[in-house]
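Colleague: Quick one: the structure is below, and I'll ask about it shortly.
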Amino acid sequence: MWLQDLFFGQGIGHSILLISVIISLGLLLGKIKIAGISLGSTFILFVGILMGHFHLTMNSQLIDFLRDFGLILFVYAIGMRVGPGFFSSFKEGGITLNALAVGTVHHRS
């Protein structure tokens, strides 16, 4: 019974299994090269779209968590990449460029 719920249910276990299959299949297919070009990890997106086409659904709470967690990891990775050079950029005209950016962005009600 639990094995059937794992593969065909709507619980957390089913959702984690589905995500694992999508990522694994996407990474595996991403290694295929056609004319010297491969899509790499982008293939995960296409496998996810294909799974959605077949109406494979996940737990909505897990989807919310993964969306937020993915955004957190993305912002963290960008911060780690850009952060060390942030203050040194002020020495090279960063203050002027930031002032121009602030001046061009305005709030509309």
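Colleague: Rounded to a whole number, what % of the accessible area of the chain do carbon and sulfur atoms account for, probe 1.4 Å?
Modeller: Details: 6590 of 9120 Å².
About 72 percent, which is the carbon plus sulfur part of the accessible surface.
Colleague: Same structure again: Go ahead and set up a Gaussian network model of the chain, Cα springs under 10 Å, then flag whichever of 75, 47, 21 fluctuates most.
Modeller: Looking only at 75, 47, 21, the biggest GNM fluctuation is shown by 75.
Colleague: In a GNM of the chain with a 10 Å cut-off on Cα contacts, which of 36, 79, 70 has the highest mean-square fluctuation?
Modeller: In the Gaussian network model the winner is 36.
Colleague: Longest exposed-loop-site-free stretch of the chain, with trypsin sites (Lys or Arg not before Pro), DSSP loop and at most 15 other Cβ within 10 Å?
Modeller: Numbers: sites that count: 31, 33, 108.
Longest stretch, sites excluded: 34-107.
Colleague: Any idea how far apart residue 97 and residue 4 come out in nm if each label point goes 7 Å out from Cα toward Cβ?
Modeller: 6.1 nm
Colleague: Highest GNM mean-square fluctuation, the chain, Cα pairs closer than 10 Å: which of 49, 37, 12?
Modeller: In the Gaussian network model the winner is 37.
Colleague: Could I ask something else about it? DSSP H helices in the chain with Cα extent of 20 Å or more along the helix axis and mean Kyte-Doolittle hydropathy at least 1.6?
Modeller: Numbers: long enough: 12-30 (27 Å, 2.25); 60-82 (33 Å, 1.17).
Taking the DSSP H segments of the chain (at least 20 Å long, mean hydropathy at least 1.6), we get 12-30.
Colleague: In addition: In a Debye calculation with equal point scatterers on the alpha-carbon sites of the chain and no solvent, what is log10 I(q)/I(0) at q = 0.10, 0.14, 0.22 Å⁻¹?
Modeller: -0.56, -0.81, -1.19
Colleague: Can you compute the charge dipole magnitude of the chain about its Cα centre, using +1 on each Lys and Arg Cβ and -1 on each Asp and Glu Cβ, nothing else charged? Give it in debye, rounded to the nearest 20.
Modeller: Values: 6 positive and 4 negative charges, 73 e Å.
For the chain, the charge dipole is close to 360 debye.
The values are calculated or read from the model by the stated rules, or taken from the named source; none is laboratory data. Please read all numbers here as calculations on a predicted model, not as lab measurements. With ideal geometry, Cβ positions are generated from the backbone for all residues, glycine too; neighbour counts draw on all protein chains shown. Note: areas computed on protein heavy atoms with side chains; ligands, DNA, RNA excluded. Shrake-Rupley method; radii C 1.70, N 1.55, O 1.52, S 1.80 Å.
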